[in-house]
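Engineer: Next up is a structure, given as C-alpha cells.
What follows draws every value from the coordinates through simple rules; no lab data is involved. Remember, predicted model here, so these are calculated numbers, not experimental data. Here the Cβ is made from the backbone with ideal geometry for all residues, glycine too, and neighbour counts use every protein chain on show.
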Amino acid sequence: MLICPACRVLTDDGVSVHTIERDGEALVCTNCARRYPIVADIPIVVPDVGAFMRTESLAVLERDVSLDVAQLLVEQGADDAPYARLLEHVSIYMDAHWGDHADPPVPLACSAMLDKLQALPRVASTVELGCSAGRVTATLAGLSEIVVGLDLQFATLRRARRLLAGDPIAYARRTYGRYYAPAVARGLAATNVSLVCGDALDPPLVPRMYDRVVALNLVDSVRSPGVLLDVLTGLCAFEGEVIVASPYAWQTGFVNDLERLGGRSPDNFVRDWFTARGYAVLDEADLPWSLRRDARSAVTYQIHYLRLRKPASQPTV
C-alpha cells in the first residue's frame, strides 16, 4: 500500500496517512486527489512531480535504442552531457548488480553483501530503500512474503522492473571514455516485488509496516543522512530489523556538508545512534564493494554493514 507524500500529516499520535489508488496510468490520492504518473509499470510517487521531472526527465522518457545509436549519441559530445552521464550510470550499476548474470560476465560488486543477506531468516514484509538495478531486491524477495523496492533513479529502476520479471536486458557496457560494448543481463523472476520511484527521505510508505528495512550504500548518497536514519526506524515494525551499510564516502553535491555524520568515526556514530534508541546489534562487518567504471578502472570501497533489531517499544531519545 502506497500513501500520498503530499498530504500526509504528522500528528501527536503518529502519521495521518492517505492512500493512493490506481486510475488508468496514474495513482490518485483518495484525500487530496493529487495524481502520480505510472511509467513502464513503475509509479512515480514524489511530493513534487514537476521538480522531479526537471532533473529526471531524460531517464523517464529514455527509449531503448541499439548500442550503435547510443554510441553515436554520446561519442561526439561531452563527458558530462546528460545522456553520456546516464549511459555511464546504467553501465556501472547494471554491472554492479548483474555482472555475474551478464554475457560477457564481469565480477559482481555485491557478492559479499548477498552472502550476508542469503543467510537471513524469512520475514513477512521487506522494504529496500535505494534498490537501484534490483539484484539485492531479488535476493530479499526469496526471504520475504512481500518486498517493496524504492529508488529515485528511474533509469536503473526501469531496468530492475524487467529483470525482476525474469526478462533479459541488453545494455551498453562502458569500455574506454565514451565507448561502449554490448552486454546482456539475465533477470531473476520475483513475483512478490513492487517497485516505486520515490525519495528515500520522504517515501510514500506506511510507517512501522515492515519487518525488515534495508538501505545499502545510501547513507552517503542522500542530502540528509540523519533524516534517512529517522526514516529507517520509522518504517520498521517493532521487533523488526534494520540493515544499513555504507562506505561513508561523503561527496559535495550529494550530502549537505553539515549532515556528514560522526566526523572521524561515522561507523561508531551510526551504530550508537541505533543502540541509543534501544536497537540490538545482530551483526556488524566490513564488506568489499567494487564499482566497475570501465575496462581498466574500478572504485573499491569497504562498506560498514550493520544489522539491528528494533525493540518492542520505542524509547524516547
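Engineer: Enumerate the residues in the stretch 146-182 having an amide nitrogen under 15 Å from the point lying 7 Å beyond the Cα of residue 75 toward its Cβ.
Structural biologist: 172-182
Engineer: Restricting the count to DSSP beta bridges whose residues both fall in the stretch 198-317, what percent are antiparallel, rounded to a multiple of 5?
Structural biologist: The antiparallel fraction comes to roughly 75 percent.
Engineer: Follow-up. Could you order the peptides 277-285, 149-157, 104-112, 76-84 from most to least packed, using the average number of other C-beta atoms within 10 Å per residue?
Structural biologist: Result, highest mean first: 149-157, 104-112, 277-285, 76-84.
Engineer: Take the Cα of residue 181, step 7 Å along the line toward its Cβ, and report every residue of the stretch 107-127 whose backbone nitrogen sits under 14 Å from that point.
Structural biologist: From the stretch 107-127, the list is 107.
Engineer: Continuing with the same structure: Collect residues whose amide H, placed 1.01 Å from N in the peptide plane, falls under 5 Å from the amide H of residue 148; neighbours closer than 5 in sequence don't count.
Structural biologist: Amide H to amide H, under 5 Å and 5 or more residues apart or across chains, residue 148 pairs with 126, 127, 128, 194.
Engineer: Given H placed on each backbone N at 1.01 Å, which residues far from residue 183 in sequence or on other chains put an amide H within less than 5 Å of it?
Structural biologist: The answer is 171, 173.
Engineer: By residue number, which cysteines of the chain lack any other Cys whose Cβ falls under 4.7 Å from their Cβ?
Structural biologist: Within the chain, the cysteines lacking a partner Cβ under 4.7 Å are 110, 131, 197, 236.
Engineer: Length gain on complete extension for the stretch residue 18 to residue 55, per 0.36 nm per residue less the alpha carbon to alpha carbon distance?
Structural biologist: Computed gain between residue 18 and residue 55 is 10.6 nm.
Engineer: Of the DSSP beta bridges with both residues in the chain, give the percent that are antiparallel, rounding to the nearest 5.
Structural biologist: Antiparallel bridges make up about 65 percent of those DSSP assigns within the chain.
Engineer: Under the Karplus relation 6.51 cos²θ - 1.76 cosθ + 1.60, θ = phi - 60°, what is the ordered set of whole-Hz ³J(HN,Hα) values for the stretch 217-227, x standing for Gly and Pro?
Structural biologist: 6, 10, 4, 9, 10, 10, 5, 9, x, x, 5
Engineer: Sorting check: for 253-262, 133-142, 37-46, 175-184, which peptide has the highest mean count of neighbouring beta carbons within 10 Å, and how do the rest follow?
Structural biologist: By packing density, highest mean first, the sequence is 133-142, 37-46, 175-184, 253-262.
Engineer: Determine the gain in length on full extension of the stretch residue 272-residue 238; use 0.36 nm per residue of separation and subtract their C-alpha separation, reporting nm with one decimal.
Structural biologist: Difference between extended and current length: 10.4 nm.
Engineer: OK, next. Averaging sequence separations of C-alpha pairs under 8 Å and six or more residues apart, then dividing by the length of the stretch 43-309, give the relative contact order as a whole percent.
Structural biologist: Taking the mean separation of contacting Cα pairs over the length of the stretch 43-309, I get 18 percent.
Engineer: Could you tell me the convex hull volume per residue, in Å³, taken over the Cα atoms of the stretch 1-81?
Structural biologist: Measuring per residue, one finds 126 Å³ for the Cα hull of the stretch 1-81.
Engineer: How far is it, in nm, from the label point at residue 309 to the one at residue 63 when both lie 7 Å from their Cα along the line to the Cβ?
Structural biologist: In this crude spin-label approximation the distance works out to 5.5 nm.
Engineer: Taking the 0 to 90 degree range and rounding to the nearest ten, how far is the long axis of helix 266-275 tilted relative to the main principal axis of the chain, both from C-alpha atoms?
Structural biologist: It works out to around 40 degrees.
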